[in-house]
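Everything below concerns the one structure shown next.
Read the figures in this text as sums done on the coordinates, not as results from a lab. As the structure is a prediction and not an experimental result, all values here were calculated from the model. Cβ: placed from backbone, ideal geometry, glycine included. Neighbour counts: every protein chain shown.
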Amino acid sequence: MKLYSIEEIIELLQMLSEKQADELEGQHLDFKEWNFKSLKESVDEVIEMAVCMSNGGGGTVVFGVKDKVIGLDNAIIGVPQDVDVFKLQSTVYDSTDPHLTPNFESFEYHGKRLLLMHVLPVFPYATTTGGKALKRIGKDCKALTGSMRLESEILAGKFDFSAQPVKGKWRELISPAAMEFLRGELKKQHLPEDVLKLSDEELLKNLECIEGSHLNNAGLLMVGSKEAIRTHIPYYEWSFRRMKSDTELISTEDGYNSILTAISRLTELINIDNPMQTIKEGLFHYEFPVFPIEALREALLNAFSHRDFIKPGTVMIKQFKDRLEISNPGTFIGGVTPRNILHHDPVARNRKLVEILQKTRLVNRSNMRVPRIFKNLLMEGKEPPEYYEDGVTIKVIFSASELTPGFRSMIAYLTDKGHDPKVDHLLIIHYLMRHRRMTLQNAQEICYQRPERVMDEIMTELERIEVVKSIGKGRGRFFELTMMAH
């Protein structure tokens with residue numbers, strides 16, 4: 001959640017000479033025009049925006065600004081001086097359920113009075129006393145549907161499908177082969193020897209797959225038999241399609257086996273047609289697959305652990321000559337979008353399942369899977385992954401791009417100099433390999449909606465290590481690769 005100070009808002013308002021306020025809005029910030037002709041309509045909008053922001057995770061609303069015009073004189077229209085913020089706060093409190101108590105601040109800017117409303121989130125969700133429920137999604141306030149209410153419960157930790165207990169005796173639900181596979185994975189991850197020597201029951205309790213005397217859904221997904229998984233989690237399935245074209249199939253395979261064995265099998269299927277590229281560096285020859293194994297593993301773990309198990313569908317892998325597509329049922333939650341996924345704080349739909357994967361060390365506690373996918377591809381000079389969401393499924397696409405030897409040489413050079421290239425650095429260099437120059441605004445978009453201040457620091461760091469050079473000043477400034485980088 002982000003609440004904006006008066007100083008931060010003034011800094012943003014100064015951009016209105018060149019931008020519309022709408023361009024500055026986001027999940028936790030909105031600008032609203034005050035209706036001077038109708039106090040009731042203005043107050044009703046304040047109430048609805050309080051509900052919307054609270055259900056969207058909290059945020060700040062600036063009243064007195066038009067959001068679709070450019071120029072301070074056009075955009076800053078202000079709020080009447082006789083609007084009492086204490087009465088406004090009391091009205092919002094009386095008009096919401098559960099009661100919301102936003103904090104209001106009044107300040108002068110460009111000769112006009114503006115109001116800030118800071119709203120904190122509540123659980124499970126707020127409505128107006130008339131029953132109207134809204135939620136902030138990106139820049140919009142949308143009707144709070146049943147699915148959104150469930151998402152609110154998931155985000156608040158009140159509902160977790162993967163933590164639900166499974167009826168039946170746990171020994172009759174698990175697969176001995178899946179248990180052995182799990183032990184093999186734990187050994188690869190170098191878990192302590194005393195953990196590896198535990199009995200099946202002790203091990204599953206240690207990993208929190210068994211709580212009390214029952215296996216939970218996460219445990220069933222980790223070590224359950226195909227029959228048990230199909231019975232208790234009927235929408236669980238994975239599918240592989242080797243494609244000749246968008247409409248022609250070469251081969252198919254479907255499965256219902258546990259997550260770890262499924263990922264192992266899918267990796268085998270992908271590697272059947274995952275050609276190697278050999279690069280000579282000094283006396284050594286290195287081989288690199290078109291689709292990096294580590295990036296594939298992370299993407300598959302994401303697809304299985306974040307899919308929506310209460311909706312029909314399958315974790316679908318389609319392999320083409322020019323790309324690999326991995327999709328799973330569900331939508332992004334908690335404010336994550338395809339455009340901010342790289343830097344957004346991790347949000348787990350199936351919290352217990354992710355916790356178990358963390359205990360097995362297959363997922364680290366900082367949940368850096370998406371950045372790791374990007375870095376594995378970019379370190380070889382390959383195209384970054386592309387993420388999509390259509391309201392039903394989430395899809396990530398890997399392009400079958402070849403390794404770039406020159407790019408690897410430059411990264412090796414920087415590493416030898418003691419610089420560890422970050423994902424943002426790699427995205428910038430990758431872009432400038434294909435385009436002559438970029439602006440700071442280009443860089444913000446390329447680096448998945450980094451704030452301008454952060455982006456400026458990143459570009460300054462790249463200048464310091466002589467990778468890029470800046471040309472020009474102010475908002476006309478742009479960046480190019482240095483001669484050394486070329």
Angle, helix 423-434 long axis vs. longest principal axis of the chain, Cα atoms, 0 to 90°, nearest 10?
90
Taking amide H atoms as placed 1.01 Å from N in the peptide plane, list the residues 5 or more away in sequence, or in a different chain, whose amide H sits under 5 Å from that of Gly224.
Ser175
Using only the alpha carbons, work out the radius of gyration and Dmax of the stretch 6-155 in angstrom.
15.0, 45
With the chain reduced to its Cα atoms and the Debye formula applied, log10 I(q)/I(0) at q = 0.08, 0.12 1/Å amounts to -0.63, -1.18
Full extension from Ile137 to Lys311: what is 0.36 nm times the residue separation minus their Cα-Cα distance, to one decimal in nm?
60.5 nm
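If I take every Cα pair under 8 Å that is 6 or more residues apart in the chain, average their sequence separation and divide by the length, what percent do I get for the relative contact order? Walk me through the numbers on the way to the answer.
Values: 828 pairs, mean separation 46.5, N = 486.
Rounded, it is 10 percent for the chain.
For the stretch 258-352, report the % of Cα-Cα distances exceeding 21 Å.
On the way: 1966 of 4465 pairs.
Result: 44 percent of Cα pairs exceed 21 Å.
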Which value, in debye to the nearest 20, gives the size of the charge dipole of the stretch 406-481 about its Cα centre, when Lys and Arg are +1 and Asp and Glu are -1 at the Cβ?
280
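Order these peptides, 420-431, 79-90, 10-21, by their mean beta-carbon neighbour count within 10 angstrom, highest first. Write out the running numbers ahead of the final one.
Values: 420-431: 19.7, 79-90: 13.6, 10-21: 16.2.
In descending order of packing, they fall as 420-431, 10-21, 79-90.
Which shape class applies to the stretch 342-470: rounded if a/c is under 1.5, otherwise prolate when a/b exceeds b/c and oblate if not, where a ≥ b ≥ c are the square roots of the Cα gyration tensor eigenvalues? Present the calculation step by step, with values, prior to reporting the outcome.
Details: a/c = 1.72, a/b = 1.60, b/c = 1.08.
The shape class here is prolate.
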Taking a label point 7 Å from the Cα of Glu208 along the Cα→Cβ vector, which residues of the stretch 297-312 have an amide N closer than 18 Å to it?
305-307
What FRET efficiency would be calculated for the residue pair Glu7, Lys37, taking the C-beta separation as r and a Förster radius of 41 Å, to the nearest 0.05?
0.80
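Rounded to the nearest 0.05, what FRET efficiency do Lys197 and Leu120 have when you use their Cβ-Cβ distance and R0 = 45 Å? Please list the in-between numbers first.
Details: r = 48 Å, r/R0 = 1.08.
Rounded to the nearest 0.05, the efficiency is 0.40.
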If we restrict to alpha carbons, what Rg and Dmax does the stretch 166-309 come to, in Å?
18.2, 60
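Rounded to the nearest 0.05, what FRET efficiency is calculated for Leu283 and Thr252 with R0 set to 41 Å and r the Cβ-Cβ distance? The partial results should precede the final answer.
Values: r = 44 Å, r/R0 = 1.07.
The calculated FRET efficiency here is 0.40.
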So what's the angle, to the nearest 10 degrees on a 0 to 90 scale, between helix 452-464 and the longest Cα principal axis of the chain?
60
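Taking 10 °C and 1.306 mPa s as the conditions, I'd like the Stokes-Einstein D for the stretch 369-427 in µm²/s, using the Kirkwood hydrodynamic radius from alpha carbon pairs.
My calculation gives 126 µm²/s for D.
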If the viscosity is 0.890 mPa s and the temperature 25 °C, what translational diffusion coefficient in µm²/s does Stokes-Einstein give for the stretch 238-399 when Rh comes from Kirkwood over Cα pairs?
148
By the gyration tensor of its Cα atoms, with a ≥ b ≥ c the square roots of the eigenvalues, what is the shape of the stretch 78-181: rounded for a/c under 1.5, prolate for a/b over b/c, or oblate?
prolate
For the chain, which cysteines have no disulfide-compatible partner, meaning no other cysteine Cβ under 4.7 Å?
Cys209, Cys447
